[in-house]
Amino acid sequence: MKIVGISSSPRGKNSNTLKLLDAALEGAAEAGAEVESIDVAKLDIKYCIACDKCHKKGECSINDDFPALLEKLLAADGIIWSSPNYITNVTAQLKTVFDRCPLVIHEQLFEGKYSMSLTTAGGDELDFILDIMNNFMVQCGGKSIGGVGCSMYLGPEAVEAAIEKSRGMGKDLVEAIKEKRQYPEQEARQQAWKEGFKHSILANKERWAHNCDYWMEKGWIKE
């Protein structure tokens with residue numbers, strides 16, 4: 001079993017969120033998973049230019065580090081997303097990764113994968129940031145077991161508590177994968193999205209040839 005942890009803070013090794021990520025990966029490793037940490041802030045990942053090549057041909061037109069990152073994400077059983085709160089959102093580095101994933105969303109390529117999310121903030125805006133990451137995973141066809149956040153103004157004790165909670169959730173992520181844990185509410189959201197999005201696929205079937213072929217192969221739409 002492979003768990004990939006995504007760090008997205010430009011502060012690198014000085015990141016408070018990285019402390020939570022390291023703990024979660026340690027927990028996953030203790031539970032028997034092979035783990036890898038990837039700092040996307042150090043990668044060359046350019047902005048999506050909405051060229052539609054991914055929909056037409058199933059590949060990206062931009063030559064950078066994103067395809068290699070995506071390959072690792074697709075090979076993983078679980079993903080740990082992490083980002084500090086930057087103006088009530090994830091960092092620009094992580095948002096850029098998300099923006100490069102229309103094919104992942106449209107073809108539900110994270111189906112069968114599980115995730116958790118981690119964040120730190122100067123204030124109390126934690127759940128909103130966690131929801132951005134959790135919702136992205138569900139939108140891509142995967143399942144989210146939840147997340148851990150820490151308000152840094154609460155001091156060292158709060159940080160230590162969040163680190164321990166992250167370690168425990170890392171272990172639980174491994175268990176969720178082993179159990180093939182089900183989340184009916186998330187699955188209902190995904191099914192409702194498919195029902196709506198199939199109309200977009202059919203409306204763009206000539207322009208989105210690769211997407212359309214994929215949906216037909218999956219049996220999500222018929223000619």
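The values are calculated or read from the model by the stated rules, or taken from the named source; none is laboratory data. Keep in mind that what you see is a predicted model, and the values were worked out from it rather than measured. Here the Cβ positions follow ideal geometry from the backbone for every residue, glycine too, while neighbour counts run over all protein chains shown. Areas reflect the complete protein model, heavy atoms only, side chains present, ligands, DNA and RNA absent. Shrake-Rupley method; radii C 1.70, N 1.55, O 1.52, S 1.80 Å.
Some points to look at:
- Of the chymotrypsin sites (Phe, Trp or Tyr not before Pro) found in segment 4-93, those that fall in a DSSP loop while having at most 14 other beta-carbon atoms within 10 Å are Tyr47.
- Of Lys113/Lys165; Lys42/Lys180; Lys19/Lys165; Lys180/Lys222, those spanning more than 23 Å from alpha-carbon to alpha-carbon: Lys42/Lys180; Lys180/Lys222
- Accessible-area composition of segment 53-142, carbon plus sulfur, in percent [1.4 Å probe]: 50
- Net +/- balance of residues flanking Phe136 in space, Cβ distance below 13 Å, scoring K and R +1, D and E -1: +3
- Between 0 and 90°, nearest 10: helix 127-139 axis offset from the chain longest Cα axis: 30
- Cβ-defined net charge surrounding Gly12, 15 Å radius [Lys, Arg +1; Asp, Glu -1]: +2
- All other residues whose Cβ lies under 15 angstrom from that of Arg100 are scored, Lys and Arg at +1 and Asp and Glu at -1, for a net of -4.
- Rounded accessible area per residue of segment 1-93, 1.4 Å, Å²: 48
- Tilt relative to the chain, helix 66-75 - C-alpha long axis, 0 to 90 degrees, to 10: 80
- The P(r) of segment 1-118 has a tail past 19 Å containing 47 percent of all C-alpha pairs.
- By average C-beta atoms within 10 angstrom, highest first, the peptides 29-41, 3-15: 3-15, 29-41
- For the chain, the pair-distance distribution built from all alpha carbon pairs, in bins 10 Å wide starting at 0, is 8, 33, 35, 19, 5, 1 percent.
- Protection proxy ranking of 213-219, 158-164, by the mean of other Cβ atoms within 10 Å over each peptide's residues and highest first, is 158-164, 213-219.
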